[in-house]
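The values are calculated or read from the model by the stated rules, or taken from the named source; none is laboratory data. Here the structure is a predicted model, which means the values were calculated and not measured. Because the Cβ atoms are built from the backbone with ideal geometry, glycine has one as well, and the counts that use them run over all protein chains shown. Note: accessible area is taken over every heavy atom of the protein model, side chains too, but ligands, DNA and RNA are not part of it. Shrake-Rupley method; radii C 1.70, N 1.55, O 1.52, S 1.80 Å.
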Amino acid sequence: MAAKKPTSKSKKQKSAKGSAPDGDSHQAAGGELHQTAGGEHPALTTNQGLPISDNQNSLRANPHGPTLLEDFILREKIMHFDHERIPERIVHARGTGVHGFFELTASLEQYTTARILTEVGERTPVFTRISTVAGGAGSVDTPRDVRGFAVKFYTKEGNWDLVGNNIPVFFIQDAIKFPDLIHAVKMEPDRGFPQSATAHDTFWDFISLTPESMHMVMWIMSDRTLPRSLRMIEAFGVHSFRLVNAAGESTFVKFHWRPKLGLQSTIWDEAVKTAGADPDFHRREMFEAVEAGNFPEWEFAVQLFTQDEADSFPFDHLDATKLIPEELVPLKVIGRMVLDRWPDNFFAETEQVAYCPSHIVQGIDFSNDPLLQGRLFSYDDTQLLRLGSPNFHQIPINAPQCPFANLQRDGRMQMTQPVGRVAYEPNSLSGDSPRETPARGFRSATVTETGDKGRIRAESFADHYSQARQFFLSQTAYEQAHIASALVFELSKVEHVHVREAMVGHLQHIDPALADRVAAGLGFDKLPAPPRAAAPVQDLAPSPALQIIGKMKNTLEGRSVGILIADGSDGAVIDRIKKAATDAGATVKIVAPKVGGAKLASGLIQAADGQLAGTPSVLFDAVAVILSDAGAKTLSSESAAIDFVRDAFGHLKAIAVDSGGRTLLKKAQVKQDAGVVDAGDQGAFIDAAKTRRWDREKSVRTLA
Ligand code: HDD
C-alpha cells in the first residue's frame with residue numbers, strides 16, 4: 001500500500017489543530033482576560049490536546065514559593081522552545097524564499113522527455129530561495145558575496161532542484177576542495193571574525209594558492225556581488241547538465257535565469273552603508289514587492305550544445321571555472337518564473353526547504369563535471385544533519401506535489417502511516433504495493449567511460465587565466481575601475497604582505513594594466529613576479545554580455561525614489577515629483593525629520609514614510625529634496641540631511657532640487673552636475689533617475 005502523501009495545500013490544513021490564533025490574548029496579573037482581535041479563538045492546548053487554563057503563570061507551591069517540577073505544562077513549553085533552532089546551513093545560511101510558478105514558453109521536446117521542458121503553457125509550482133553564502137543566518141543582506149539561487153520545481157514527475165548562483169562559474173574545479181574554500185572564507189577559526197566577508201587573510205591566502213579561482217575572483221570583485229535587489233540578479237545553473245530525449249540521445253545544456261527588471265548593482269560604499277541602514281534590505285525589499293503585487297520575474301533560458309561542439313570550445317565545459325560565452329552558444333529563452341507568494345512561515349518553508357542537485361526528473365541528467373559530482377553527495381548529507389531525519393522529504397515544503405510511493409520505511413519523524421504486511425520488492429503478497437516502471441522510470445543517459453582510474457585533473461582544466469582576462473576586458477571602464485578598487489580594498493585588509501604580492505602576481509596573467517593599478521593602490525614599489533601559468537593565456541574575444549552596466553534596463557520599475565521634505569516644503573512640487581516617479585513605475589517614500597510628517601507651506605500635514613535619521617538615501621535609487629528656505633536652514637545643520645544628499649551624490653544618483661534643496665546641496669558641498677536637476681522638470685528627473693551618473697564617480701572618490 002502506498003504511503004500517505006503529506007500535503008501543503010490550504011492554510012487550514014497546515015496550521016495544527018488548536019494552534020495559537022492570530023489575535024493575542026493576554027491575562028494581566030489580576031487575572032483579567034483581554035482579547036485583542038475579534039473572532040472565535042480556539043482553545044490553547046498542550047501538544048497532547050489538553051486545554052490550558054493559565055498561560056501566564058507557572059505552577060508554584062504558594063504565591064512566593066518555588067516553581068514545582070510537576071508543572072508539565074511549563075516543561076513542555078520550555079522544552080519545545082529550547083529546541084526551536086536547527087543547525088543553520090554551513091553555507092548559504094541567510095536566505096529569502098518565495099513561492100511562485102514556472103511557465104514553459106518553448107518546448108525542448110527534440111532534446112528531452114522531461115515534461116516540465118516540453119509542455120508549453122504548463123505552470124509548475126516553484127519555491128525559490130536566494131541567499132548569501134558566507135554569513136550566518138542572522139548576517140546582513142548586503143556583503144560582497146555570491147548570491148545563491150535555488151529553485152525547487154514541483155513537477156508532475158517529481159521534484160527538480162536547480163541549485164545555482166548569480167555567477168556562472170565557481171571558485172574550484174573539484175568538490176574535494178569545497179571544505180577548504182569554505183573554511184578559508186568563513187570567520188577565521190581562532191578569532192571568530194570577520195563575519196560574511198572575503199576581505200581577510202585566510203580567504204586570500206587560499207585563493208592566491210588556487211589559480212583555478214582567478215576567473216571567479218574577477219566576478220566576485222565586480223559589482224555582481226553587490227546587487228541592488230534580489231529581483232535584479234541573473235542566475236545560472238553553473239554546470240553543464242544533460243538533456244535526454246525519447247531516443248535516448250543526450251545534449252548538453254547550461255541553464256540561465258534573466259531578471260525582467262534588468263541587472264542592477266550598488267557600489268561598494270553604498271552597500272556598506274546599506275548594511276547599517278537596513279540589515280534586511282534585500283529581504284524587506286523582496287517582501288514589500290511581493291506583498292504589493294510587483295512580482296519578481298525571470299526568463300529561463302538554455303544554451304544547448306553537442307559533444308562535438310563542446311570539443312571545439314577553447315576550454316573544457318566540464319570545468320566549472322569556465323563559462324560558455326553567449327556569443328559562442330546563444331541563449332534560447334524557453335520559459336519564465338514568477339514569484340508571487342510570500343511563505344506563511346519563515347521557518348517551516350524558507351528554513352526547512354532542502355535543495356539537492358541530485359533531485360532531477362527523467363529527461364535531465366548530470367554531466368561529469370567533478371564539482372557537480374561531489375555536490376550530488378553533499379546536499380542530501382547536509383539535510384540529514386539540518387533536518388535530522390531521512391524523512392525530510394515529508395516536510396510539506398519538500399514533499400513532491402505528485403504521487404510518490406516506495407518501500408522505504410520508519411526513521412525519525414516518520415509522518416506517514418504505511419499499512420499492510422509488505423515493505424519489500426519484489427513480492428507476491430501484495431496486489432497494490434509500488435513496483436518499478438521500466439518504461440517511464442528514470443534512466444541514466446547512456447555514456448561510455450574509458451581511461452585509467454586515478455586522482456587526476458584533466459589537462460583541459462589547466463587554463464586558469466584566459467576567461468578571467470576575457471571577463472575583465474569585457475567590462476566597461478567604470479566596471480573595470482570597480483574591480484581594481486575592490487581588489488585594492490580587499491587586499492589592503494590582508495595583513496600578510498606575501499599574500500598581497502601573490503595575488504598581484506596572478507593579476508599580471510589576467511591583465512598587466514590591472515596588476516599595475518592594484519599594485520599602485522597597495523603602495524607596492526615594484527611589481528611581484530607572476531607565478532608559472534600551467535597553460536598559455538589565450539586572448540578570447542570580449543563578451544559584452546558579461547557586463548552589468550550593459551544589462552541595466554532604462555526603467556524606474558522596481559526602483560525607489562525618496563523625497564526629503566521638512567516643515568514649509570511646497571506640497572505641489574512634492575506631488576508632481578511623486579506622480580511622475582510613480583507613473584514611471586517607482587515606489588516613492590517621503591522622508592521627513594519627524595515620522596509624524598511635516599507641515600507644508602499650505603498648512604497641510606504631509607505624512608512621512610520614514611524619519612530622516614533612519615531613512616538615509618542609500619535606500620533609494622534617486623532622491624528629490626524639496627525644502628523651504630527655513631527648512632533648508634534647519635537641515636543644513638543636521639548631519640543626517642547632509643549625509644542624505646552627499647551620499648546620493650557620491651552614489652551617483654539623480655537628485656531633484658528646488659531652491660531650498662539647492663541650498664542644502666551647497667551647505668553639503670555637493671557639486672551640481674547634469675544629474676542634479678530642477679524639481680520643476682520632472683521629465684528630466686525621471687530620465688536621470690533611470691541610470692547612474694558613472695562619469696561623476698571620478699570627482700567623488702579615488703579609484704584604482
Ligand atoms: Fe552548494 C547549499 C549553490 C558548490 C555543498 N549551494 C547551497 C545553496 C546554493 C548552492 C544556492 C543554498 C540552497 C538553499 O537555499 O538551501 N553550491 C552552489 C553552487 C555551487 C555549489 C552554484 C557550484 C557550482 N556546494 C557546492 C559544493 C559543495 C556544496 C562543491 C560540496 C561539495 N551547498 C553545499 C551544502 C549546502 C549548499 C553544504 C549547505 C546547505 C545545503 O547544502 O542545503 O551541502
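Between the listed residues Ala289, Asn391, Val573, the Cα displaced farthest toward the positive end of the dipole of the chain, a dipole computed from Cβ unit charges relative to the Cα centre, is found at Val573. Rounded to the nearest 20 debye, what is the charge dipole size of the range 86-394 about its Cα centre when +1 sits on each Lys and Arg Cβ and -1 on each Asp and Glu Cβ? The dipole of the range 86-394 has a size of about 520 debye. Placing a label point 7 Å from the Cα of Ser312 along the Cα-to-Cβ direction, the residues of the range 519-558 whose backbone N falls under 20 Å of that point are 539-543. Summary value for the chain: 13 percent relative contact order, contacts being C-alpha pairs under 8 angstrom separated by 6+ residues.
For Lys667, the aspartates and glutamates whose Cα comes closer than 17 Å to its Cα, not counting residues fewer than 8 places off in the same chain, are Asp629, Glu638, Asp643, Asp647, Asp658.
Across the chain, Cα-Cα pairs more than 38 Å apart make up 46 percent of the total.
Dividing the summed -39500 (n - 2.57) terms of all DSSP H runs of n ≥ 4 by the residue count of the chain sets its mean residue ellipticity at 222 nm at -8000 deg cm²/dmol. Between the beta carbons of Thr555 and His183, assuming R0 = 51 Å, the FRET efficiency works out to 0.75 to the nearest 0.05. Beyond 26 Å in Cα-Cα separation lie the following of the pairs Lys156/Lys551; Lys589/Lys690; Lys254/Lys553; Lys589/Lys666: Lys156/Lys551.
The shape of the range 232-323 can be summarised by an equivalent ellipsoid whose semi-axes, obtained from the alpha carbon gyration tensor, come to 37, 18, 9 Å from longest to shortest. Once the 1.4 Å probe is applied to the protein heavy atoms, the range 86-394 comes out at 33 Å² accessible per residue.
The calculated FRET efficiency for the pair Lys453 and His83, based on their C-beta separation and a Förster distance of 56 Å, comes to about 0.80. Counting charges near Ala674 (Lys, Arg +1; Asp, Glu -1) among other residues having Cβ under 14 Å from its Cβ returns a value of 0.
Taking the 1.4 Å solvent-accessible surface of the range 462-549 as the whole, the part contributed by carbon and sulfur is 56%. In this structure the range 462-549 gives 42 Å² per residue of accessible area when probed at 1.4 Å with all protein chains present. A straight chain from Leu50 to Asp280 at 0.36 nm per residue would run longer than the Cα-Cα distance by 78.9 nm.
Loop-resident trypsin sites (Lys or Arg not before Pro) (DSSP state other than H, G, I, E or B) in the range 564-625 with no more than 14 further Cβ atoms inside 10 Å of their Cβ: Lys594.
About its Cα centre, the dipole of the range 167-310 is roughly 220 debye, where the only charges are +1 on Lys and Arg Cβ and -1 on Asp and Glu Cβ. When you restrict to C-alpha pairs under 8 Å that are six or more residues apart and normalise by the size of the range 578-641, the relative contact order lands at 24 percent. Projecting the Cα atoms of Ser636, His651, Val561 onto the dipole axis of the range 558-700, where Lys and Arg carry +1 and Asp and Glu carry -1 at the beta carbon, places His651 farthest toward the positive end. Database remark: amide H of Ile563 closer than 5 angstrom to the amide H of Lys589, Ile590, Val591, Ala624 (H placed geometrically; neighbours at sequence offset of 5 or more, or on other chains; Pro and chain starts carry no H). Multiplying the residue separation of Lys332 and Glu103 by 0.36 nm and subtracting their alpha-carbon distance yields 81.0 nm. From the Cα gyration tensor of the range 462-549, with a ≥ b ≥ c the square roots of its eigenvalues, which class applies: rounded if a/c is under 1.5, or else prolate if a/b is larger than b/c, or else oblate? It comes out oblate by the Cα gyration axes. Restriction of the trypsin sites (Lys or Arg not before Pro) in the range 374-453 to DSSP coil positions whose beta-carbon has at most 14 other beta-carbons within 10 angstrom yields Arg409, Arg412, Arg421, Arg435, Arg440, Arg443, Lys453.
Each of Glu76 and Gln417 was given a label point 7 Å from its Cα along the Cα-to-Cβ line. The distance between the two points is 1.9 nm. Estimated at 0.36 nm per residue, the fully extended path between Asn368 and Ser659 surpasses their Cα-Cα distance by 98.3 nm. Figure note: His64, His506 ranked by solvent-accessible area, largest first, 1.4 Å probe, ligands and nucleic acids not counted: His64, His506.
Of all aspartates and glutamates in the structure, those lying under 13 Å Cα to Cα from Lys152, and not within fewer than 8 positions of it along the same chain, are Asp161, Glu349. For the range 187-217, the list of chymotrypsin sites (Phe, Trp or Tyr not before Pro) that fall in a loop by DSSP and count at most 16 other C-beta atoms within 10 angstrom is empty. If you plug the beta carbon distance of Lys599 and Lys493 into 1/(1 + (r/R0)^6) with R0 = 45 Å, you get a FRET efficiency near 0.40.
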